[in-house]
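Read through the structure below, which is laid out as structure tokens, and then see the notes.
The values are calculated or read from the model by the stated rules, or taken from the named source; none is laboratory data. Computed from a prediction, not measured in an experiment: that's the story for all the values here. Cβ sites come from the backbone with ideal geometry, for glycine too, and all protein chains shown count toward neighbours. The accessibility values were calculated without ligands, DNA or RNA, using every heavy atom of the protein model including side chains. Shrake-Rupley method; radii C 1.70, N 1.55, O 1.52, S 1.80 Å.
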Amino acid sequence: MRPLFFIAVSIASTLMASEYNSLSDTMSRLSGPDVSHPWVFQLAVIGYAFLILPLGPLLYSSTKLIWQGILLWTLVLIYSLTGILAAIFEDGDYTIILGNFTKDEFHGFIARLSFSTIIVLIMCCIWIFRHNERWRMWRRLSLLLTLLAITLVIPFQLETWPHYMGLIQRIIFVCTMIWVFVTAIMLRQHSHQDENI
């Protein structure tokens, strides 16, 4: 349900922003000062960030070692927090907040940190659950989604195709959200199976 909430509100935000181009404009621009109703997309990001929090205890309870569970839970918390901060400090807002550091620059830094965190989380999960046979297909899917996301980040950061920046970013988001959705379903199924044993 977490990604579905984000997708639904994001679509609503896009439809309300008539001056917005989904192919070339990044999603962050939907919360910028030059777009109509920026609070709608901010709601999507902040809502998603809060909805992702239950993934932490689910991952924690699925690990065999306490430190592994704490690591995964911490990464989920960081991912959630950076999502909230990325929504609060808008893209395209050049108001100075600290020294010569603008809201736009802070947004860019936090957004990159957020992406890096989810990639580290996925890779840590792949490694921690590497010996669990029930997770074999999940590990393959996780690795495929991670490689695709990382591959797309390169042209996105280099702005290789400026007219398709929005599309590239959306594909990256889809990769991470598919992972969150599938992982949450698997964790819930396995927790119910364990309870019935």
Which members of the range 13-30 meet the condition of being of a type outside the set (Val, Ile, Thr), touching a Leu at 6+ places or on another chain (Cβ under 9 Å) and open to solvent by less than 70 Å² (accessible area, probe 1.4 Å)? Ser13, Ala17, Tyr20, Ser22, Ser24
Scan of the range 28-52 for residues that are under 12 Å from the mean Cα position of the chain (by Cα) and under 14 Å from Asp91 (Cα atoms), ordered by number: Val45
State yes or no: is Trp39 without any contact (Cβ under 8 Å) to a residue 60 or more places away in the chain, among the hydrophobic types (A, V, I, L, M, F, W, C) and touching a Phe, Trp or Tyr at 6+ places or on another chain (Cβ under 8 Å)? no
Just to check your reading of the model, which residue among Asp91, Asp104 is in contact (Cβ under 8 Å) with a residue 40 or more places away in the chain and not small (Gly, Ala, Ser)? Asp91
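Would you point out which residue out of Phe115, Phe89, Phe129 is of a type outside the set (Ser, Thr, Tyr) and over 23 Å from Leu144 (Cα atoms)?
Values: Phe115 fails: over 23 Å from Leu144 (Cα atoms); Phe129 fails: over 23 Å from Leu144 (Cα atoms).
The conditions single out Phe89.
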Which condition from (1) part of a helix (DSSP H, G or I); (2) open to solvent by 40 Å² or more (accessible area, probe 1.4 Å); (3) among the β-branched types (Val, Ile, Thr); (4) over 24 Å from Leu75 (Cα atoms) is the one that Ile97 breaks? (1)
Tally of residues being surrounded by fewer than 17 Cβ atoms within 10 Å (Cβ to Cβ) and either in a helix (DSSP H, G or I) or among the hydroxyl-bearing types (Ser, Thr, Tyr) (or both) across the range 48-77: 8
Looking only at the range 129-147, how many residues end up being in a helix (DSSP H, G or I) and either surrounded by 15 or more Cβ atoms within 10 Å (Cβ to Cβ) or in contact (Cβ under 8 Å) with a residue 40 or more places away in the chain (or both)? 8
Looking at the range 158-173, which of the residues that are open to solvent by 80 Å² or more (accessible area, probe 1.4 Å) and in a helix (DSSP H, G or I) is farthest from Phe5 (Cα to Cα)? Leu158
Residue satisfying condition, being open to solvent by 80 Å² or more (accessible area, probe 1.4 Å) and in a helix (DSSP H, G or I), within set Met123, Met177: Met123
